[in-house]
Amino acid sequence: MSQDDLYHGRTEAQLSQEPVVRCREVIKRFGDQTVLKGINLEVYPGETMVVMGGSGSGKSTLLRCMIGTHKVDGGTIELFGQNMGELDEDGLNDVRKKFGILFQSGALFNSMTLAENVALPLQEHTDLDQEIIDIQVKIKLELVGLREHADKYPAQISGGMKKRAGLARALALDPKILFYDEPSAGLDPVTSAQIDQLIIALTKQLGVTSVVVTHEMDSAFTIADRMAMLDRGRMLCVDKREWFEHLRDLDDEATAKLDEDRQLVRQFLRGAPDGPLAARRDEQGYSEDLFGMTVDRVTRTPSVEPTRG
């Protein structure tokens, strides 16, 4: 990706700002497998950056590298101007206090009530009196619409409520960045839409920067300011949501003139059955390997149309 590609899609305000997250030529390997191949990405204060890609594209690995769970094998990741690879454990913990994480499952402690889950970071990382912590917990739970459920245990609430409770806990230390790992995963469409609106509201109310890893396109187009597309560990493009909307809505004639990477992005955005991703899988000879014979491809038609703009 060229330097021009890296900066494409920045607003005029961002041109004069320093990024809160900066990835430069990031490489990550697991054994002989290279999962991230020279990733460049910058995230600016107050924006919602959606990182998307298919299963195995490297998006969750990139998120774990950003938060310091994985050390990179090449390149650098900076949060708040600090190189995560140069920090010791104490330094990493200081940086981690400045961001919150909503894990895919919510990752609540089942033996604790929702209030106790939200209070835990405040008890571990601050010197606040319990009375002040209790007030803060009520405020965070109110932000996500769960104050009346404070005394319930995770087993007593729905999946969507668990996500919201996990978000309240991520907000406990008033972070400057929120990282979301598949926030809509496993939720019904209505609950997913509610989570999206909550992300938008928190960004506006608190001015927090959000990095959202997802492959849910309805959600991505609802919440994103800018979007980044990964494929097989490569960063294909980074741009404003409007650019991706334009690409998604191109007709077939215009699409045929695009290079393969752009066609791949469009196929992913549309959830289309035909395109470079499907051709790639066909080339792997799966049907022949499975059945010992060549199977004609069925005519594919889109299974659903996007319901949210």
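The values are calculated or read from the model by the stated rules, or taken from the named source; none is laboratory data. Quick caveat, the model's predicted, so the values are computed rather than measured. All Cβ positions, even for glycine, are placed from backbone atoms using ideal geometry, and neighbour counts span all protein chains on display.
The condition (being under 23 Å from LYS97 (Cα atoms) and assigned to a helix (DSSP H, G or I)) is satisfied by just one residue among GLY160, GLY166: GLY166. Scanning segment 63-78 finds one or more residues that are within 23 Å of THR209 (Cα to Cα), in contact with a Lys or Arg (Cβ under 9 Å, 6 or more places away or on another chain) and touching a residue at least 60 places away in the same chain (Cβ under 8 Å). Count of segment 255-269 residues, restricted to those that are surrounded by 12 or more Cβ atoms within 10 Å (Cβ to Cβ) and over 15 Å from ASP231 (Cβ atoms), is 1.
Looking at GLY56, GLY68, just one residue is surrounded by fewer than 17 Cβ atoms within 10 Å (Cβ to Cβ), within 16 Å of ASP181 (Cβ to Cβ) and at pLDDT below 95, and that residue is GLY56.
Quick check on this structure: which one of ILE200, ILE195 is over 25 Å from THR113 (Cα atoms), assigned to a helix (DSSP H, G or I) and within 15 Å of the chain's Cα centre (by Cα)?
ILE200
The single condition among (1) modelled with pLDDT under 90; (2) out of contact with any Asp or Glu (no Cβ under 8 Å at 6 or more places or on another chain) that THR294 does not meet is (2). Of the residues making up segment 157-173, those that are in contact with a strand residue (DSSP E or B) (Cβ under 9 Å, 6 or more places away or on another chain) and either surrounded by fewer than 19 Cβ atoms within 10 Å (Cβ to Cβ) or aliphatic (A, V, I, L, M) (or both) are LEU167, ALA170, LEU171, ALA172, LEU173. Looking for something buried (at least 20 other Cβ atoms within 10 Å of the Cβ), acidic (Asp, Glu), in contact with a strand residue (DSSP E or B) (Cβ under 9 Å, 6 or more places away or on another chain) and not in a helix (DSSP H, G or I) - is there at least one such residue anywhere in segment 234-241? Within segment 234-241 (the criterion being buried (at least 20 other Cβ atoms within 10 Å of the Cβ), acidic (Asp, Glu), in contact with a strand residue (DSSP E or B) (Cβ under 9 Å, 6 or more places away or on another chain) and not in a helix (DSSP H, G or I)), the answer is no, since none of the residues qualifies. Would you check if ALA185 is at negative phi and either surrounded by 22 or more Cβ atoms within 10 Å (Cβ to Cβ) or assigned to a loop (DSSP other than H, G, I, E, B) (or both)? Yes: the conditions hold for ALA185. In segment 165-180 there is no residue matching the filter, namely being farther than 27 Å from PHE80 by Cα and outside the structural domain of VAL43 (by TED's automatic domain parsing).
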